[in-house]
Amino acid sequence: MALGRAMKLLQIVGFSNSGKTTLIEKALQYMVEKGLSVATIKHHGHGKKLLALDTGKDSHRYREAGAVGSAVAASETLQLQVQKKEPWSAEEILSIYEKLDLDGVLIEGFKQEPFPKIAMIRHTEDLTMFEGMENLQAVIYWEAIDGLEKKGISFFHIKEEQAYLEWMYQQLEAKHE
């Protein structure tokens, strides 16, 4: 998929409770303070359908009547819910985001996708995540792990927050010019 010139991606991967969501929250705050426009995509890998938060509202009634998509616009806000027969891929969601004026997208999950990745490693056994992983750019680790270094990959301890947030910003900002 050819993304728009300005929109860049960083994918955050890791096992459950490795700190992915917290990292994305902190990174979003950091990026916004620096003037970047960043959106997110989260892969809900539990195999269940998401619950609609609009039960009883017109948009819910439209879907119940058979609409595969329902959008609600209110001032500067747009809420969109769309169903299709197959699971959504990251590329399909990014094709929707491509229409927006974004500097970057932070993606949580979708480990199989080829986008630039940051791996969250909490325990030594989490290293199994590296097997077959494509395009790993950085690792944020919780405990020292022997033999973790690999050429071309940046490594940060979880407490080096300023360093890894600035690294993430540079990945989006430098490519955004």
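The values are calculated or read from the model by the stated rules, or taken from the named source; none is laboratory data. In this text the structure is predicted, and so the values were computed from the model without any measurement. Cβ sites come from the backbone with ideal geometry, for glycine too, and all protein chains shown count toward neighbours. Ligands, DNA and RNA are stripped out before the accessible areas are found, and what is left, the full protein with its side chains, is counted by its heavy atoms. Shrake-Rupley method; radii C 1.70, N 1.55, O 1.52, S 1.80 Å.
Among residues of the range 156-173 that are without any contact (Cβ under 8 Å) to a residue 24 or more places away in the chain, those with a beta-carbon under 6 Å from a residue that is in a helix (DSSP H, G or I) and open to solvent by 40 Å² or more (accessible area, probe 1.4 Å) at least six positions away or on a different chain give the pairs 156/163.
The listed residues are 34, 20, 57, 26, and the only one of them that is modelled with pLDDT under 90 and out of contact with any His (no Cβ under 8 Å at 6 or more places or on another chain) turns out to be 57.
Of the residues 105, 72, 32, 38, which is more than 14 Å from the chain's Cα centre (by Cα) and under 25 Å from residue 165 (Cβ atoms)?
Values: 105 fails: more than 14 Å from the chain's Cα centre (by Cα); 72 fails: under 25 Å from residue 165 (Cβ atoms); 38 fails: more than 14 Å from the chain's Cα centre (by Cα).
Of 105, 72, 32, 38, the one residue that is more than 14 Å from the chain's Cα centre (by Cα) and under 25 Å from residue 165 (Cβ atoms) is 32.
Pairs meeting the criteria (first residue in the range 14-28 and surrounded by 12 or more Cβ atoms within 10 Å (Cβ to Cβ), second residue of a type in the set (Phe, Trp, Tyr) and not in a helix (DSSP H, G or I), beta carbons under 8 Å, at least 6 apart or on different chains) are 18/142; 19/142.
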